[in-house]
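What follows is a short report on a single structure.
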Amino acid sequence: MDPMPADRDPGDNGRGLSVGDRVLGKSRLLSRQCATCIFRPGNLMHLQEGRLKDLVAQTRAAESFIVCHSTLPPYPYPDAKPAICRGFADRYTTQALQVIGRLWGFVEVDPPGEQPESAEADPSQ
C-alpha cells in the first residue's frame, strides 16, 4: 500500500519535480550541502550578482523550498532523485518545510556522486 495518497505529493514544488519518496512517504533532504552548493562561500556555481538573493526571496515568498541543483535534470548521476537543498533548509524555514516535517518527515540522502560523510572523514576507507 502506498503510504502517500496518489493525488497528494507533499514534496512536489509545483514545477513537476517531486522530492517525495512514495515508498517511505517522506521527502528527500540532502544529508549535507553538496560540493557546489549555492550557499557555500565563493559562488561556486558562478551565479550572477544578486541571483542567490533573488532566488531566496522568491522561494521564501512562495513559502516553498529550493531543490538542490545537483539533483535536477539533466541528471549527471542516473540514480539521483530530486532532493531539498540542505543549504536552504538549514538557513530558512518555510510553510512547505514545516508541513512536510510535521506530517510526513524527511529522509536524508547523500549528495549524488559524493561519498557518505563518514567515508570522507576517514581517509583509510
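Annotations for the structure displayed:
- Order of Lys81, Lys26 under a 10 Å beta carbon neighbour criterion, fewest first: Lys81, Lys26
- Integer Hz, Karplus 6.51/-1.76/1.60 couplings in order for the stretch 66-71, x for Gly and Pro: 9, 8, 4, 4, 6, 10
- Computed label-point distance, nm, for sites Ala35 and Leu52 using a 7 Å Cα→Cβ extension: 1.9
- In this structure the amide hydrogen of Leu30, modeled in the peptide plane, comes within under 5 Å of the amide hydrogens of Ile84, Arg86, Val109, none closer than 5 places in sequence on its chain.
- Relative frequency of Cα-Cα separations exceeding 17 Å in the stretch 20-112, percent: 50
No lab work stands behind these numbers, since they all come straight from the coordinates. These numbers were taken from a predicted model, which means no experiment stands behind them. We place every Cβ from the backbone using ideal geometry, glycine too, and count neighbours over all the protein chains shown.
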